[in-house]
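Everything below concerns the one structure shown next.
Bear in mind that the values in this text are calculations on the coordinates, not laboratory data. This is a predicted model, so every value here is computed, not measured. Please note: Cβ atoms are built from the backbone with ideal geometry, for glycine as well, and neighbour counts cover all protein chains shown.
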Amino acid sequence: MSSVEEEAVATVTRLAESCAEILQSSLVSAILHGSLTLDDFQPGTSDLDLLLVVEPGLTANEVSALIEVVGVEDVSPAGGFDLLVVTRESAAAPAEHPSRELLVGRYPGPVEDLEVELRDDDAPDVWPELSMARANGMALLGAEPREVLNEVPTTLVRAHGIGWLRRWLELADDDENATHMVLTACRIWRFAVQGKHSSKSSAARWALERDPSLTGVSKALSVRTTAKSVRISPDEVETVLLRVIRDVEEGTQA
């Protein structure tokens, strides 16, 4: 692990410890997942993904305190924080209970952006997060991922991915988010074909081995690994999305 990755782990560990001070005995596990656990951390770009499993659910005071601590913690050397909180019950039965206690995203920049989503009893975005955290997560505090996170049926993860791919087809001209859409599409694609969660960079390389003609993937990978701005045209984004949708849907039907 490089020094910058060690610094990033120290940063997210401080956030986990601050959350633990708020939650006390309610915290079951604080799980790091995402790029840091997949050897794909990009300084200043990658977010730090922290999953908290709690029992019981959050009180109003705990929600306010967690939002505040995400807003004040030093995010360097990362690009931001993504804090997801679920109950132990929801983590143990993700198919029947895709509920979420809290989601807080912080993305520093010219204009500081703090995104907050409160309790939701129907939050299917939880499915892929729990699936990835179970597969590649690392406990910073408390129980290990596989002790508290049940396996999410792959059919749910695939179906959720297809839903996002179809939404992004309507946003193919969104230049600001083109790289994110293309790289995430590659991750959805590889999971659908191989049942394997992988980093954005690894998934992009896998996609190019499968279809070298996808220039949108080549450009997105270049942006990811060099941090240099490269425009991905709407046609290139659409081509990637349509190719992934075709393969994912064919695999689902098979």
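Quick notes on this structure:
- Antiparallel %, DSSP beta bridges [both residues in the chain], to 5: 70 percent
- Calculated FRET efficiency, Ser213 to Ala95, Cβ-Cβ distance, R0 = 45 Å: about 0.75 to the nearest 0.05.
- Semi-axes of the equivalent ellipsoid for the chain, computed as √(5λ) from the eigenvalues of its C-alpha gyration tensor and ordered from largest down, come to 30, 21, 16 Å.
- Theoretical gain in end-to-end length, Glu6 to Glu170 [0.36 nm per residue, Cα-Cα removed]: 55.1 nm
- Cα centroid of region 181-253 to Cα centroid of region 1-40, whole Å: 28 Å
- Helix runs (DSSP H) in the chain reaching 20 Å along axis by Cα, Kyte-Doolittle at least -0.5: 3-23, 154-169, 178-194, 234-253
- Region 100-166 - convex hull of the alpha-carbon atoms, volume per residue in Å³: 137 Å³
- Percentage of interatomic Cα-Cα distances in region 154-253 larger than 21 Å: 24 percent
- Under 17 Å of direct C-alpha separation, and excluding same-chain neighbours fewer than eight residues apart, Lys228 reaches these lysines: Lys200, Lys219.
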